[in-house]
Structures are given as C-alpha cells and as structure tokens.
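A short write-up of the structure that comes next.
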Amino acid sequence: MTFIPTQQSDCEALLGIFSDADTILYTNFRQFTDTDALGVFLERFLTIGKEQPLQYGPYSIYLDYSLIGLCGAQQQDLQLGISELWYVLHKDYWGKGLAKQAVALLLQECQSNPQLKSLYAEAVDTNTASWRILEKMGFVQTGALPGGFAKGDIVADIRCYSCNFN
C-alpha cells in the first residue's frame with residue numbers, strides 16, 4: 001500500500017469510490033455519477049487547507065497500482081495542535097485490514113510533526129468497522145454526538161475519538 005498526494009488527474013479513478021453509495025454511506029462526501037461533477041468537487045477539495053502546517057493530504061491510497069481510497073488529516077486548530085483524521089476505502093477492499101494499515105501509515109506521518117499534538121476522529125456509531133479501527137490504532141473515545149450524523153434518510157449517533165501524541 002502506498003500514499004500519493006491526490007491530484008486532479010485521479011478524477012476518473014476516484015469515480016469508482018464516489019459513485020458507490022455503500023462506500024460513501026457513512027462519510028460527509030456526496031455521491032457523484034460523472035467525472036465532470038466529481039472534477040469540479042475535486043478541484044475545490046484539493047485546495048482546502050493546502051498550505052496549513054497540520055494538513056495532511058488528501059492522499060490517494062494505492063494497492064497494486066489501483067486507487068482504492070482516500071485519506072488525510074485536516075487541520076482543525078493550529079494553536080491547540082489538532083487535526084481531524086478521515087479516510088474512505090472502496091467497499092471491495094473492506095474487511096482486509098487495509099483501512100487499518102492506511103490509518104497506521106497516516107499516523108506515522110502525523111507523529112513526525114511536533115506541532116501536531118492530537119488527532120480527532122469521528123465515526124458513525126453504526127459503522128462498527130470504522131470505530132473499531134480507530135480503537136485498535138490507539139484512539140480513545142472522548143464523547144458522542146447523539147443524532148450527529150444525518151445523510152439522506154439516515155440519522156445516527158457519532159462517536160468522537162482522540163489520539164494524543166505528547
């Protein structure tokens with residue numbers, strides 16, 4: 001598995017992720033069915049926090065030369081040294097330990113930044129696989145947001161996690 005900074009040229013390969021309703025179900029991403037609309041989104045997405053010192057990614061996750069997901073850490077509070085971890089992996093690769101491996105690689109990179117004190121993450125309560133990955137990677141549940149996730153017909157609680165580095 002490798003991480004490569006996501007680029008606009010990844011748009012076509014990313015369509016397989018963003019067009020799959022199951023893959024993006026518990027994310028804040030919306031579904032895209034064509035590369036033109038995804039390209040417009042991607043152009044803006046790639047500029048968010050680009051020059052921030054606690055920003056990581058977005059990274060395209062590759063396995064055997066195939067783009068299988070995205071991950072990153074978005075700067076939340078520079079003064080407090082907090083970024084928010086996020087990831088999405090195409091459903092064809094779920095249950096193989098690859099999301100855990102991606103989080104481990106991202107954590108390793110984040111830990112090398114002395115300004116980054118803590119990573120924050122959220123997982124929808126019904127997305128058991130996601131919050132179990134966070135817990136296995138050393139994240140501690142710090143709270144919950146009842147009804148904090150709403151997408152389409154789904155309203156669910158969110159588990160809030162933190163992983164401190166210092």
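Since every read-out is calculated from the coordinates, none of them should be taken as a lab result. Note that this is a predicted model, so its numbers are computed, not measured. Backbone-built Cβ (ideal geometry, glycine too); neighbour counts: all protein chains shown.
Have a look at ASP92, ASP64 and point out the one that is within 28 Å of THR128 (Cβ to Cβ), acidic (Asp, Glu) and in contact with a strand residue (DSSP E or B) (Cβ under 9 Å, 6 or more places away or on another chain). So that I can check it myself, show each step before the final result.
Values: ASP64 fails: in contact with a strand residue (DSSP E or B) (Cβ under 9 Å, 6 or more places away or on another chain).
Of the residues listed, the single one that is within 28 Å of THR128 (Cβ to Cβ), acidic (Asp, Glu) and in contact with a strand residue (DSSP E or B) (Cβ under 9 Å, 6 or more places away or on another chain) is ASP92.
Specify the residue that is farthest from GLU122 (Cα to Cα); the eligible residues are those in the range 48-68 that are polar (S, T, N, Q) and part of a loop (DSSP other than H, G, I, E, B). So that I can check it myself, show each step before the final result.
We begin by selecting, within the range 48-68, every residue polar (S, T, N, Q); these are 52, 55, 60, 66.
If we keep only those that are part of a loop (DSSP other than H, G, I, E, B) as well, we get 52, 55.
Values: GLN52: 21, GLN55: 17 Å.
Per the criteria, the residue is GLN52.
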* Structure fact -> Among (1) over 13 Å from THR27 (Cα atoms); (2) without any contact (Cβ under 8 Å) to a residue 12 or more places away in the chain; (3) assigned to a strand (DSSP E or B), TYR120 falls short only on (2)
* Six or more apart or on different chains, Cβ under 7 Å: which pairs go from a residue in the range 132-144 that's farther than 15 Å from ASN164 by Cβ to one that's assigned to a helix (DSSP H, G or I)? Could you list them? => ILE133/ALA99; ILE133/LYS100; ILE133/VAL103; LYS136/LYS100
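Listed here are the residues, each with its yes/no results for (1) on the phi > 0 side of the Ramachandran plot; (2) in a strand (DSSP E or B); (3) surrounded by fewer than 18 Cβ atoms within 10 Å (Cβ to Cβ).
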position	(1), (2), (3)
LEU70	no, yes, no
GLN76	no, yes, yes
LEU85	no, yes, no
VAL88	no, yes, no
ASP92	no, no, yes
* Asked: Looking only at the range 1-50, which residues are touching a residue at least 40 places away in the same chain (Cβ under 8 Å) and among the acidic types (Asp, Glu)?
  -> ASP10, ASP20, ASP22
